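This report concerns only the one structure given below.
Where a number appears in this text, it was derived from the coordinates with a stated rule and is not lab data. Everything numeric here is computed off the predicted structure, so don't read it as measured data.
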Amino acid sequence: MNVTAVESTTLAAIGYDENRALLRLEFRSRAVYDYFGVPAAVHEALLRAPSIGVCFNDVIRGCFPCCRVFPLDSVSGLQGKR
């Protein structure tokens with residue numbers, strides 16, 4: 001999983017597994033969610049967005065199935081932050 005630490009008031013880190021089309025988001029609250037069936041282009045758009053929070057709300061929230069991940073399995077804990 002590629003993991004990127006981000007500057008955002010909403011998110012702390014973004015992870016993406018292209019083989020599984022899995023987007024893992026770690027929020028500033030430390031909650032971690034997996035989003036399923038996310039195309040690579042959506043992941044890239046999120047990383048390039050001027051406002052990651054706005055992009056998340058407009059393009060991801062409510063558009064892909066998701067589930068909360070156990071708190072110890074955080075994105076930043078999976079690999080070193082980039």
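Karplus-derived 3J(HN,Hα) values for segment 15-32, using 6.51 cos²θ - 1.76 cosθ + 1.60 with θ = phi - 60°, are x, 8, 10, 5, 4, 9, 6, 10, 10, 10, 10, 9, 7, 4, 6, 6, 5, 10 Hz; glycine and proline are entered as x.
Computed 3J(HN,Hα) for segment 38-43, one whole-Hz value per residue from the Karplus formula 6.51 cos²θ - 1.76 cosθ + 1.60 where θ = phi - 60°, is 8, x, 4, 4, 5, 4, glycine and proline marked x.
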